[in-house]
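To start, the structure itself, in structure tokens.
The values are calculated or read from the model by the stated rules, or taken from the named source; none is laboratory data. If you're wondering where the values come from, they're calculated on a predicted model, not measured in any experiment. Cβ sites come from the backbone with ideal geometry, for glycine too, and all protein chains shown count toward neighbours. The area values use the complete protein model at the heavy-atom level, side chains included, leaving out ligands, DNA and RNA. Shrake-Rupley method; radii C 1.70, N 1.55, O 1.52, S 1.80 Å.
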Amino acid sequence: QVQLVESGGGLVQPGGSLRLSCAASGRIDSIYAMGWYRHAPGKQRELVAYRTNVNTTYDANSVKGRFTISRDNAKNAVYLQMNNLKPEDTAVYYCNGAMGSVGSWGQGTQVTVSA
């Protein structure tokens, strides 16, 4: 298993953008699908997006067209570019395997979208 550390969150106004980063302590090139999840207060954790190591992707309907996931296997990193952010995107964001955990859940990074 790898350790996962998320960063890049913050407070942003509606319509703004953020880029989240996830650094893995070990190689991720053999992990088929790496994903981003989010957990909002009072809601269950949900899978937001994932990218496979053959470059297929999945985006939840709620973020389709606004969020883009990428991965750099050489750097053992996964990224989430978030554009046109909405208040309902407010949550703690985590990265992990999309087909099952590949490491312990990190502390996540808080994203708050508010005017």
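Ordering Y50, P87, G106 by Cα displacement along the dipole of the range 50-115 toward the positive end leaves Y50 in first place; charges were set at the Cβ atoms of Lys, Arg (+1) and Asp, Glu (-1).
Would you mind getting the accessible area per residue of the chain, heavy atoms of the protein chains only, 1.4 Å probe, in Å²? Could the numbers behind the result be given before it?
Values: 5970 Å² over 115 residues.
Here the per-residue accessible area is 52 Å².
Structure remark: mean-square fluctuation, Gaussian network model of the chain, C-alpha springs under 10 Å; the largest value among M99, M82, M34 belongs to M99.
Ligands, DNA and RNA left out, the accessible area of the chain computed with a 1.4 Å probe is 46% carbon and sulfur. Under 12 Å from a label point set 7 Å out along the Cα-to-Cβ vector of R66, the amide N atoms of the range 16-30 belong to 16-18.
If only the Cβ of Lys and Arg carry +1 and only the Cβ of Asp and Glu carry -1, the dipole of the range 1-95 around its Cα centre is close to 40 debye.
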